[in-house]
Amino acid sequence: MFSTQWSVNELAKRQYLFKLSTNGAVFTTLIVLQIIGTIFISGAGSSSMNEWEEMISVNYTSISNDSQVGLTLFWALIVGFLLTSAAQRNESFSFVTNRLTFQLANFYFICTASLLGGVTTVLIGSVMKIVALFGDNVIIETTGLLSSPLDFFSRILVMTAYTLLLMMIGYLLGTLIQFSKLFIALFGLIWFVYFTFGISLSVGEGDSVLYFYYGETSILVFVLKVVVSVAVLFGISLFVTNRLEVRNP
Amino acid sequence: MMFFMVLIPIVLLLGLVPIVIFTKNMKRTRLKKSFHRNIIVGYLVLLLLGVVVAEFMERKVESHIPPKVTDKDIEFDLQSAIVERATIPEHLVLAKRSHEVKDELSISPFTGAYMLIERTSDNSNMVGETVYTPELLANIGDGDGDDVYYDFTDQLEIALPIWENNWMTVPKQPRNNIQYTFYHDSNILNQFTGEKTHGYSSGSVSAAMMIHLVIPESIELNLPEIESERGTYIEILE
Amino acid sequence: MSAITLKNVSKSYRSITILDQLNLEIRKNVITGLVGRNGVGKTTLMKMIAGFIKESDGELRVFGEHPFNSLKVSANMMFIDDMMGFPDALTLDDLLTECDRFYENWNQDLAVRLLEYFKLPLSLNHRVLSKGKRSTFNAIIGIATRCPLTMFDEPITGMDAGARRDFYRALLKDYIAYPRTILLSSHHMEEMEDLLEDILVIDGKSISFHGPITELQEKFLSLQARESVLKSYAIRYAVVHRANAGPMTEWIVDNQYTEAEVEELKQAGIRVSSVSASQAYLAMTGQATGGVDDVFNAMERQ
């Protein structure tokens, strides 16, 4: 009866390859952002001169890859959001897919993008080191790849995890908004309520949410927390999208 | 807080617009599929090259890193140690000299040093001078527990006081223009490496040398007027 | 054997009903024309069959599967319309590669040759194509994927006459070589008449005719004579269309005349002939009676 039978896995893989080939600009944007971050920070490494010249003093400044980390996380949030656009959906649904394979392909794509975000952000630390090393007296406080490779890979893991989390959050927000524009109003309301009441409630709610991840000291528990969070975020997206009607102006 | 409530969404939107426009334009300009792939691969190769270069350059500067000291070392209070005649670590003593002075000792106004004067009841005309080095400790502190300081003391050039006849002058100190740049990865990345930093990311630390004079009662002291706050700092110990 | 089955299928958005209680079986490996006036739900029906949107009520089966979220249906179905979203980043050549990735029966050679014939350079971007060229490209994709179920929704939008003729010709030729179920919707009935085997007329939320095209033609008769003659003889059954062309008047009437009655009409000097499918379709959907002229005539009378 049917000439073609795909398994979900096989098709998700093909949709993923399709996504990769059509969304190269997403990666190029990240690279441009990181380069912008690098140039800005390198230029801003000026130090204030000591006014009290009679005194014996030392001036010090630090360089770090904070700005690249920030820009990458920001990029992650936006890209997650953009992946839910109607154009992205219609592109996928021009070819063979159902909602499950479409979502899986998106998820694989998000994982790939997070990994690239994590790896490049940690690697660009080395570029910042070189920028710093052009100065006269430099103290490198971060161990390099050779001196402690485990630390190096833990950095990649942590950055990838945070990028993945933010991308999934952006993705879920986008999915909900695609599902119903009413969610924009809801998010606005939550935002407003959080700032008017949430903060005054003794302990800031946001701090504890951040601390849930950032305060974790065991790498295993951290990975577990991130995996569970991502699974929950993805599960909600999957549930919402499974009834979505496509190519429907 | 209301300020942030408005500011954060605006910043997000301001960021969203350029990224969206940029991504759209990237897609629209008729770049071949391979263009992006080449860019990504090229970028990664460049970064890996950066890692290798950084590893080499890092080795070179490693030997020039100033020694680190911890909290306990800096809790030492030199002035009170002098007053209480406690033992003072050897490395802090820059010079220990004695000078012969007849009847009267004049000290010209100076900056950049603290002077403690102690009178003794003996009747000799020898003035004992001990110069203590200024301690330069920058708290860029890494490590999770104690603060860690970098000790720049060794790199200072200090000009010792000049004694001529009955006149003591603290010379203008040579320019100690010590500039340091620190590099450390973002704290977010260092969640599990134990290399989170808690210190200030930039700043300057100043110090002055301490001159301790032991002068017999018999010698008359001719001290400069202490006028400006930044000027001469002399304390006579009881 | 039917490819598509609908049992009491309805589709509505909130309070607006687009399609109401459709019952339908579309035969396998047959080209079916889907016609109807604007906004009667042709596109909605096709998108429902494609699995893009979900039926509100009833039972819909495509090759025995429920199409919404069915990978099997998606893999064996191609839906072509002028809104097809192809990524901006890809050239036509890249798009053909993607088709090859997703469709097992894809014939690259045929696609390339057709693109060449229609003068569509492979290096172009889908976005920069003119409306007609884009439709042509989409139609070529539809033909070359050779999906067991291929649906074209207004495929000829923007195409010039030559391209339209060539498209129908190419579709027919490939269909004969590789039979499949084809659903074709268009407003230009007269152009695709020769291609169609079955015809499905949707009118006012429901199906008003579904069957072989000859059956549709047989529902009506064309009677030509002087108006006075027609008025005295052909009054037995409903007249769905009247047209004056010179001294002769043409009436299209419901074909309920017995053979004896037809003989009678012929005796009276009335020329009796069959109607074309498009005439029959126009008559059936009420586009033949009066038309927009009535609006202006009524205003003049006031």
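The set of residues in the range B:168-185 that are open to solvent by less than 30 Å² (accessible area, probe 1.4 Å) and at pLDDT 80 or above comprises B:Met168, B:Val170, B:Pro171, B:Tyr180, B:Thr181, B:Phe182, B:Tyr183, B:His184, B:Asp185. In summary, A:Val193 fulfils each of the numbered conditions (1) surrounded by fewer than 16 Cβ atoms within 10 Å (Cβ to Cβ); (2) among the aliphatic types (A, V, I, L, M); (3) in contact (Cβ under 8 Å) with a residue 12 or more places away in the chain with the single exception of condition (3).
Please count how many residues of the range C:84-108 are facing another protein chain (nearest Cβ under 7 Å), open to solvent by 40 Å² or more (accessible area, probe 1.4 Å) and without any contact (Cβ under 8 Å) to a residue 60 or more places away in the chain. The number of residues fulfilling the criteria is 2. Search the range B:96-115 for residues being among the hydroxyl-bearing types (Ser, Thr, Tyr) and under 26 Å from the mean Cα position of the chain (by Cα), and hand back the single one that is farthest from the other protein chains (Cβ to nearest Cβ). So the residue we want is B:Tyr114. The requirement of being small (Gly, Ala, Ser) and either within 14 Å of chain C (Cβ to nearest Cβ) or open to solvent by 40 Å² or more (accessible area, probe 1.4 Å) (or both) is fulfilled somewhere in the range A:93-114, by at least one residue. Right, B:Ala208: within 12 Å of the chain's Cα centre (by Cα) and modelled with pLDDT of 80 or more or not? So B:Ala208 passes the test. Taken over the range A:50-73, the criterion of being surrounded by fewer than 20 Cβ atoms within 10 Å (Cβ to Cβ), facing chain B (nearest Cβ under 7 Å) and modelled with pLDDT of 90 or more is satisfied by no residue.
When the range C:158-179 is filtered for residues that are in contact with a helix residue (DSSP H, G or I) (Cβ under 8 Å, 6 or more places away or on another chain), in a helix (DSSP H, G or I) and open to solvent by 30 Å² or more (accessible area, probe 1.4 Å), the ones remaining, listed by number, are C:Arg164, C:Arg165, C:Asp166.
Applying the criterion of at least 2 residues that are open to solvent by less than 50 Å² (accessible area, probe 1.4 Å) and within 30 Å of C:Phe167 (Cβ to Cβ) to the strands (runs of 3 or more DSSP E) found wholly in the range C:189-278 leaves C:198-203, C:206-212, C:220-225.
Residues in the range B:48-91 that are touching a Ser or Thr at 6+ places or on another chain (Cβ under 6 Å) and either open to solvent by 80 Å² or more (accessible area, probe 1.4 Å) or among the hydrophobic types (A, V, I, L, M, F, W, C) (or both): 2 in all. For the range C:1-72, the strands (runs of 3 or more DSSP E) that sit wholly inside it and include 1 or more residues that are open to solvent by 20 Å² or more (accessible area, probe 1.4 Å) are C:2-13, C:16-27, C:57-62. Residues in the range A:158-190 that are out of contact with any Gly (no Cβ under 9 Å at 6 or more places or on another chain), more than 18 Å from B:Ile8 (Cα to Cα) and surrounded by 13 or more Cβ atoms within 10 Å (Cβ to Cβ): 7 in all. Looking across the range C:241-266, the residues that are among the hydrophobic types (A, V, I, L, M, F, W, C) and modelled with pLDDT of 80 or more come down to C:Met248, C:Trp251, C:Ile252, C:Val253, C:Ala260, C:Val262, C:Leu265.
The values are calculated or read from the model by the stated rules, or taken from the named source; none is laboratory data. Treat the numbers as computed from the prediction; the structure is a model and nothing was measured. Using ideal geometry, Cβ is built from the backbone for each residue, glycine included, and neighbour counts are taken over all protein chains shown. Heavy atoms of the whole protein, side chains included, go into the accessibility calculation; ligands, DNA and RNA do not. Shrake-Rupley method; radii C 1.70, N 1.55, O 1.52, S 1.80 Å.
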